[in-house]
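J.: A single structure is presented below for examination.
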Amino acid sequence: MERFPAQPLHHLDVLWIQVAGTLCNLSCTHCFVTCGPGERRHPMMSRGEVRARVAEALGMGVREFYFTGGEPFLHPDLIEILEDTLASAPATVLTNGTLLTASRIESLRRLSDESRSSLEIRVSLDGLDAAAHDAFRGAGAFARTIEGLRDLEASGLLPIVTVTHTGDDDPLVFRERCLHALGALGLSRPRIKTLPMFRLGRETTRTRGYAEIESLRDLPESAFDPHRLQCGSCRAVSAKGVHVCPLLVDEPGGRMGERLDQTLTPFKLSHGACFTCYVTGMTCGNG
Amino acid sequence: MRLAAFGGIYSNHLALAAVLEDLRQGGSDLAWCLGDLGGFGPHPDRAVAALRSSGIPTLRGNMDDSVGHARGDCDCGYTDPRDNAFAQRSYDYTLAHTSPEHRAWMRDLPECHRLEAGGRRVLLCHGSPRRVNEFLWESACSDAFLEWMCAEHGADLLLCSHTGLHWHRALPSGRHVVNVGTIGRPANDGRTEVWYARVELEDGVRVDFRSVAYDHESLAREMESEALPPEFVETIRTGWWTTCLENLPAKERRAGRF
Ligand code: SF4
Ligand code: SF4
Ligand SMILES: [Fe+2]
């Protein structure tokens, strides 16, 4: 019989909310949830649905919330949803940064000032110039995202820039390169987070999916640290239910139940993506 | 009962001396040090010797656990590579300059401590009760989370340190969480003073934070003559964090200069 490590949920620190479903204004060639303009496999969540999920998680002692999609800023009620959430907990929005109008940024800054909790805006970049970034995201995306980042910074929102780190250069060297490139683009205080590439969704056709050996099958117990992976402290909700983590919202086997209290059981780490998490020790969170 | 607590000495023996003097005048019934004796500053043995001779009970922070056991790094819990590079430089210096006798003493320090005062269960820890290097930032913790943590660990009053920024939250249930700050590094507020907490437990909980001035210029010069990173020295002279700040949440980051 195949054996995989089982990851216990120690406590629900973090709840991911796929507020925009799979709807996105871009359709990136590497999108790990296969999002795009016509993609409605996961519908948007209503403000009421999100409010109920937030209450459910607060009842379990959750520390903070992350909003994803697709593209959260396509949601007509996103500002209100953030306002609801920030009344009781910190919130982070993950965005492609192309839909940050002046009035949205103004609203975000107001929400941030009015709340005791931090509001984090996290913007994804896949390359440090238009050629590299737009190869994944489509022509013109880089220019709009950089403009969005500049406007966020000008408003004092201090965005976090998430950069996909695909090469194998030293993390410190890579960080300095990012900082230098962003500085040249007019960003003076970017906060940088690097993420590995996951072989999920559209990325499986752009390059390839996980190979047979990229697996935690038969991992010796002594090689498994139950306190290292993010799924020991998070769950993700979409309109379709509760999933183990934000990476597996659209993968077979990722859905664990309807209510959060039905998903407290250990999760069998049998997905190829679990291999990437294990090898890199990554977390999708800000830290 | 008046309880004083400070954390994060980070080898700042001059700030420690000033805090000990402030404590002598402040009339607390009991004082605790919440750990992290070395790192960042110069001549780590000076602060440890002064702390030990003060007799103030002390918790084992992540730094003390690492130095005590001569581990490879300080286990501060940073994720940014630049933060980690700076943390490594100060850790290597600290480990190399801490006497074996002090290191043996650190190994035996408790990780948490419980006491009862004013009818409340008080829990002292370094990062959080569940993890020595957990960062409890004011703007990154919901009430729900802090309530859960207190309930889970049987605390009506939770005292912690590790992050370097002091704050107090009175929770809806009547519980309290206090991050006492650190006395080794200023609080990223453009002031050179350092901070610790005093809690009065009697008909409720009253918390006040004390800012303590010390001869920071002498410390800065000692750090320079020990060839510690100029970025650290700048923080001592200006009160603004220059390193180890990438994991600050947006609100706390915005309050600083860098
Ligand atoms: S990667 Fe992000 S921006 Fe690109 S299609 Fe997917 S959700 Fe949209
Ligand atoms: S993909 Fe990563 S976070 Fe998700 S279940 Fe697997 S190991 Fe956990
Ligand atoms: Fe610490």
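Every read-out reported here was derived from the displayed coordinates using simple, explicitly stated rules and does not represent laboratory data. Remember, predicted model here, so these are calculated numbers, not experimental data. Quick reminder, even Gly has a Cβ in these numbers, built from the backbone with ideal geometry, and neighbours come from all protein chains shown.
J.: So for the range A:26-143, considering every pair of alpha-carbon atoms, how many percent are separated by more than 24 Å? Let's see the in-between values first.
T.: On the way: 2182 of 6903 pairs.
It works out to 32 percent of all Cα pairs.
J.: Which of B:170, B:27, B:199 sits closest to the plus end of the dipole of chain B, meaning its Cα is farthest towards the positive end, when Lys and Arg get +1 and Asp and Glu get -1 on the C-beta?
T.: My answer, from the dipole projection, is B:170.
J.: If you count, for every residue in B:69-79, the Cβ atoms of partner chains within 10 Å of its Cβ, what is the mean? Intermediate values should be presented prior to the final figure.
T.: Working: counts 0, 0, 0, 0, 0, 0, 0, 0, 1, 1, 9.
For peptide B:69-79, the averaged partner shielding equals 1.
J.: Still on this model: First check a/c for chain A, with a ≥ b ≥ c the square roots of the eigenvalues of its C-alpha gyration tensor; if it is under 1.5, answer rounded, and if not, answer prolate when a/b is larger than b/c or oblate otherwise. Show your work: numbers first, answer last.
T.: Numbers: a/c = 1.60, a/b = 1.17, b/c = 1.36.
Note, shape of chain A comes out oblate.
J.: What is the average number of partner chain Cβ atoms found within 10 Å of a Cβ in A:115-122?
T.: Values: counts 2, 7, 9, 12, 4, 6, 1, 0.
For this peptide, the per-residue mean of nearby foreign Cβ atoms is 5.
J.: Still on this structure, I have one more. Helix check for chain B. Which DSSP H runs span at least 15 Å along their own axis by Cα, with a mean Kyte-Doolittle hydropathy no less than -0.5? Please report the intermediate quantities before stating the final value.
T.: Working: long enough: B:13-26 (19 Å, 0.44); B:44-54 (16 Å, -0.21); B:81-96 (22 Å, -1.04).
Both cut-offs are met by B:13-26, B:44-54.
J.: Can you sort A:58, A:128, B:37 so the residue with the fewest Cβ neighbours within 10 Å comes first?
T.: Ordered from fewest to most neighbouring Cβ atoms within 10 Å, A:58, A:128, B:37 come out as A:128, A:58, B:37.
J.: Under 8 Å for C-alpha pairs, at least 6 residues apart: give me the relative contact order for chain B, rounded to a whole percent.
T.: Working: 586 pairs, mean separation 57.1, N = 258.
For chain B, the relative contact order is 22 percent.
J.: Scan around residue B:58 for amide H atoms under 5 Å from its own, H built in the peptide plane at 1.01 Å from N, and keep only partners 5 or more places away or cross-chain.
T.: B:33
J.: Please report A:282, B:63, A:197 as a ranked list, fewest other C-beta atoms within 10 angstrom at the top and most at the bottom.
T.: Working: A:282 20, B:63 33, A:197 16.
Final ranking by Cβ density, sparse to dense: A:197, A:282, B:63.
J.: Let me ask something additional. Please list 3J(HN,Hα) in residue order for the range B:250-258, calculated via the Karplus relation 6.51 cos²θ - 1.76 cosθ + 1.60 where θ = phi - 60°; whole Hz, with x for glycine and proline.
T.: 3, 4, 5, 5, 5, 6, x, 8, 10
J.: Return the sequence-ordered ³J(HN,Hα) values of the range A:146-153 in whole Hz as given by the Karplus equation 6.51 cos²θ - 1.76 cosθ + 1.60 applied to θ = phi - 60°, using x for Gly and Pro.
T.: 5, 4, x, 5, 4, 5, 4, 5
J.: With a sphere of radius 12 Å drawn around the Cβ of residue B:126, what net charge do the other residues whose Cβ falls strictly inside it have (Lys, Arg +1; Asp, Glu -1)?
T.: -3
J.: Ratio of Rg to Rh for the range B:184-250, alpha carbon only, Kirkwood?
T.: Numbers: Rg = 15.0 Å, Rh = 13.5 Å.
Value, to two decimals: 1.11.
J.: A follow-up question, please. Can you list, bin by bin at 10 Å, the percent of alpha carbon pairs in the protein assembly as shown, starting at 0?
T.: Pair shares across the bins are 4, 18, 27, 26, 17, 7, 1, 0.
J.: Can you list residues from other chains, or at least 5 along the same chain, whose modelled amide H is less than 5 Å from the amide H of residue A:194?
T.: Close amide H contacts, sequence-distant or interchain: A:163.
J.: Along the Cα→Cβ direction, 7 angstrom out, place labels at residue A:185 and residue A:104. What is the inter-label distance in nm?
T.: Here the answer is 1.6 nm between the modelled labels.
J.: To continue, here is another question. Taking 4 °C and 1.567 mPa s as the conditions, I'd like the Stokes-Einstein D for the range B:2-254 in µm²/s, using the Kirkwood hydrodynamic radius from alpha carbon pairs. If you can, show how the numbers build up before the last one.
T.: On the way: Rh = 17.9 Å.
Reported coefficient: 72 µm²/s.
J.: Continuing with the same structure: Average partner chain C-beta neighbours within 10 Å, per residue of B:141-152?
T.: 6
J.: Rounded to the nearest 20 Debye, what is the dipole magnitude of the range B:92-245 about its Cα centre when Lys and Arg each give +1 and Asp and Glu each give -1 at the C-beta? Working shown, then result.
T.: Numbers: 16 positive and 24 negative charges, 71 e Å.
I would put it at about 340 debye.
J.: Give me B:226, B:147, A:221 ranked fewest to most by other Cβ atoms within 10 Å of their Cβ, as a rough exposure proxy.
T.: Details: B:226 14, B:147 17, A:221 8.
Listed from fewest to most nearby Cβ atoms, that is A:221, B:226, B:147.
J.: For residue B:120, list long-range residues whose amide hydrogen, built 1.01 Å from N in the peptide plane, is under 5 Å from its own amide hydrogen.
T.: Hits under the 5 Å cutoff: none.
J.: Using the basic label-point model (7 angstrom from Cα toward the beta carbon), what is the residue B:131 to residue B:189 distance in nanometres?
T.: In this crude spin-label approximation the distance works out to 2.7 nm.
J.: List the lysines whose alpha-carbon lies under 30 Å from that of residue B:251, not counting same-chain residues fewer than 8 positions away?
T.: A:193
J.: Can you run phi through the Karplus equation (6.51, -1.76, 1.60; θ = phi - 60°) for the range A:34-46 and list ³J(HN,Hα) in whole Hz, with x for Gly and Pro?
T.: 6, 9, x, x, x, 7, 10, 4, 10, x, 5, 9, 6
J.: Taking the Cα centre of chain A as origin, sum charge times position over the Cβ atoms of Lys and Arg (+1) and Asp and Glu (-1), and report the length of that vector in debye to the nearest 20. Spell out each step's value before the answer.
T.: Values: 31 positive and 35 negative charges, 47 e Å.
Charge dipole of chain A: 220 debye, to the nearest 20.
J.: Which Cα, out of A:211, A:179, A:143, lies furthest along the positive dipole direction of the range A:115-232 (beta carbon charges, K/R +1, D/E -1)?
T.: Positive-most Cα among the choices belongs to A:143.
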